[in-house]
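For reference, the structure is listed below as structure tokens.
Only the coordinates and a few stated rules stand behind these numbers; no lab work does. Not measured: the values here are computed from a predicted model. Heads up, the Cβs are rebuilt from the backbone with ideal geometry, glycines too, and the neighbour counts pull from every protein chain shown.
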Amino acid sequence: MCGTDIAGGGLSRRTFLRGGLAMGGLVAAASLPAVADEPSTFPGQHKRGRISLGLHHIEAGASKPFSVLHISDTHLTAAYPHEDEKKQALKKARTNGFGGRQEDALRNSLAFARKNVDYVLHTGDLIDWQSEANFDLVRKYYGEGGAAMFGALGNHEFSRYMWMEKTPPGQAAAYRKKSCELLSAAFPFDISLASSVVNGVNFVSMDDTAGTVTPEQVERFGAEVKKGLPIILCMHVPLYTPYIWRASCKFWAKDGARFRSADVPDATGDYRVQLRDKVTQAFIASLKAEPLLKGILVGHLHFDVQDRFSPTAMEYVVGGNYLFHGQELLIS
Ligand SMILES: [Fe+2]
């Protein structure tokens, strides 16, 4: 008989295709051949490199069109041999967890950016946890971003030992202060709030890694609004809409949790913190009414999703860069 045995159970390629077409071209995921579980390889390199790219257009009112490569969540997992045992254990476990190609993915992204865009924006979790080796990589890549590289911090930038260390009671503020000192020394921007104006568009990055913003940040954001320029807000944690929250719950659900209800799940984690924090809620309300806000660029979720945030702004969540992913924003 002709045809290849795909499923290993006697199903020929011809029968398989006929079955798929009979269902209108859709193939039930449950009946996919076992070959779908085999790891993929890169047999060659496309002329645009290995980056998998989404494209969006923001009409912000720029004086001249330009584009930005937005990447997030690279999760670099480096540690020098002299760093302590816990860092070595994290390096082993987390490099395995993220696939071990994170730096390669970042290099491919930056190589694409050098040739094809004007700026690079990284919205956090560039490193998976704090180490001397990871901080050296931060300095290295922010130093060679091709065009200018701008950014925001992620929650992982604040992690010293991830699950291996519990913050002692009463020490959270001291630990955060120490992290801020280390991060401020490694990242080339004001980690609380920074502004970078490109062709008349004000990119404002803010640290919202706790899920919230502070009164001081709100005051500083107000000063940015007073500049009168269109604003693109860049952060790590999304300002959740019910749509983005539902998508997040689906993505992060345990394996096998198929989509069976369009109800929006109860808010937990970052979303619940956002909803309960009065300063953050007031900030979100003022943002929704701010006509100068033209877009929000965030990461954290490790998958792509977009939703309308306000009458003038869409929110774009970009997936994990450790999977060679990014999005290009065409801004006019
Ligand atoms: Fe992340």
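Worth a mention:
- Ranked by the mean number of other Cβ atoms within 10 Å of their residues, highest first, the peptides 304-317, 273-286 fall in the order 304-317, 273-286.
- Pairwise FRET efficiency - Met314 versus Ala28, Cβ, R0 = 45 Å, nearest 0.05: 0.85
- Across region 277-326, the mean sequence separation of Cα contacts (distance under 8 Å, 6 or more residues apart), normalised by length, yields a relative contact order of 32 percent.
- Restraint check, Lys227/Lys288; Lys87/Lys166; Lys227/Lys294; Lys86/Lys166; Lys178/Lys278, Cα-Cα greater than 22 Å: Lys178/Lys278
- Cα gyration tensor shape for region 133-235, rounded if a/c is under 1.5, else prolate or oblate: oblate
- Applying both filters, DSSP loop and at most 15 other Cβ atoms within 10 Å, to the trypsin sites (Lys or Arg not before Pro) of region 161-213 gives Lys166.
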